[in-house]
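The next block holds one structure in the form of structure tokens; read it before the comments.
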Amino acid sequence: MIRVAIAEEQRIARWALAEALGKTADFEIVGQAGTVEETLDIVRKAKPEVLVLDTTIPDHAGFDVLAEIRRMDAGPIVVRT
């Protein structure tokens, strides 16, 4: 099972992605976030293997998340949306 977190500003888009991915037996949705801080918190605590990332998250640039993840010892693979 692949552990996936979704970081997307729009709540409906997060929900749709989670619903679509959650219906696949190979994926487990371990967290959803709408801000950079929520995203980093989920990555630290839930330790997803894959992060689906909206790079236009409003409280910072989504690229700030990437920079922070690069500093982590075991960060997830990031898929940019």
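Rule-based calculations on the coordinates, nothing more; no lab input. All values derive from a computational prediction rather than experimental measurement. Quick reminder, even Gly has a Cβ in these numbers, built from the backbone with ideal geometry, and neighbours come from all protein chains shown.
Electrostatic tally near A13: other residues with Cβ closer than 13 Å to its Cβ, Lys and Arg +1, Asp and Glu -1, net -2. This model, with +1 at the C-beta of Lys and Arg and -1 at the C-beta of Asp and Glu, gives the range 2-80 a dipole about its Cα centre of some 180 debye.
All other residues whose Cβ lies under 12 angstrom from that of F27 are scored, Lys and Arg at +1 and Asp and Glu at -1, for a net of -2. Calculated [222 nm] ellipticity per residue, helices only, for the chain: -12500 deg cm²/dmol; basis is -39500 (n - 2.57) per DSSP H run with n ≥ 4, divided by all residues, nearest 500. Each peptide among 38-46, 8-16, 20-28 gets the average number of other Cβ atoms lying within 10 Å of its residues, and from highest to lowest they stand as 38-46, 8-16, 20-28.
If the chain linking E37 and A13 were pulled fully straight, counting 0.36 nm for each residue of separation and taking away their Cα-Cα distance, it would gain 6.8 nm.
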